[in-house]
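Let me begin by presenting the structure, written as structure tokens, before commenting on it.
The values are calculated or read from the model by the stated rules, or taken from the named source; none is laboratory data. All of these numbers come straight from a predicted model, not from anything done at the bench. Every residue, glycine as well, gets a Cβ built from its backbone with ideal geometry; the counts of neighbours run over all protein chains shown.
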Amino acid sequence: MAKQKIEGAKTAIVLIEPQYDFLKPGGSMYQFIAEQLEKRKVIPNLVNLVKSARSKVKKIIYVPFEAFEPGFPEIDKKGPGMGGLRGLEIDMPTGWKIDGKPVSGAWVAGTPGPEIIPELTPEKGDIIVRGKKTLDAFWSTALDYTLRVNMVDTVAIVGFHTNWCVESTARSAYDKGYNVIVIGDCTGTDTDEEQNYAEKWIFPKIGKVMKSKDFLASLN
């Protein structure tokens, strides 16, 4: 049976949080994900995917996590924002400094943490969707609007973490009526167990899981 083709003119790659705090030494979350990044060659896979697909898909869309001011004044320390992942991130040590003083916490303005890594610098024609402060890249951003005005019906989701922001975004895309593809070897999380669970039990129920080489070969 012939492989199903993916119509590039109606497809966008949504790249979630390709930033220093995830992907470079010193990053708040790099310390937890570094082994998986290396083992699964996630950054080279992403670089090749974006470079190879840029002329074949409708859009490459970056959704970085937005910076917090030092000390996280945007979040009431007694409020619900301190629960779960955000509360954990605020206390994570980093290799960054501001005015010579060590900085704790993810996505702190004035550090390299929120910046997109050089290997994945957006190019002309790519879109950066701003406003992401939560797991789901659709929530509080113009991602849905951006996809719809570009007549995209298929979203190929990549980025970090597989079972946090990628999963939340994929679920939301499915609920909004998009065809969902998760490119597994262009995502990463802390452990094999988490990665494998998401790829085996979650993503096939809301879309497809593909390798980057298969995704690229299916584009027409």
Point to revise | Within region 98-130, tally of residues that are of a type in the set (Ser, Thr, Tyr) and within 15 Å of the chain's Cα centre (by Cα) | key: 1
Point to revise | Residue list for region 25-52, restricted to those being over 14 Å from THR187 (Cα atoms) and touching a strand residue (DSSP E or B) at 6+ places or on another chain (Cβ under 6 Å) | key: GLY26, SER28
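Here is a yes/no grid of residues against (1) buried (at least 17 other Cβ atoms within 10 Å of the Cβ); (2) of a type in the set (D, E, K, R); (3) modelled with pLDDT of 95 or more; (4) touching an Asp or Glu at 6+ places or on another chain (Cβ under 8 Å):
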position: ILE60; (1), (2), (3), (4): yes, no, yes, yes
position: PRO64; (1), (2), (3), (4): yes, no, yes, yes
position: LYS77; (1), (2), (3), (4): no, yes, no, no
position: THR94; (1), (2), (3), (4): yes, no, yes, yes
position: LYS97; (1), (2), (3), (4): no, yes, yes, no
position: VAL103; (1), (2), (3), (4): yes, no, yes, no
position: GLY110; (1), (2), (3), (4): no, no, yes, no
position: LEU120; (1), (2), (3), (4): yes, no, yes, no
Exercise for review: Could you look through region 131-152, keep only residues that are in a loop (DSSP other than H, G, I, E, B), among the hydroxyl-bearing types (Ser, Thr, Tyr) and buried (at least 16 other Cβ atoms within 10 Å of the Cβ), and pick out the one that is farthest from the chain's Cα centre (by Cα)?
Suggested key: THR141
Practice item. May I ask you to list the residues in region 183-208 that are surrounded by 19 or more Cβ atoms within 10 Å (Cβ to Cβ), among the aliphatic types (A, V, I, L, M), free of Cβ contacts under 8 Å to residues at least 40 places away in the same chain and not in a helix (DSSP H, G or I)? Key: none
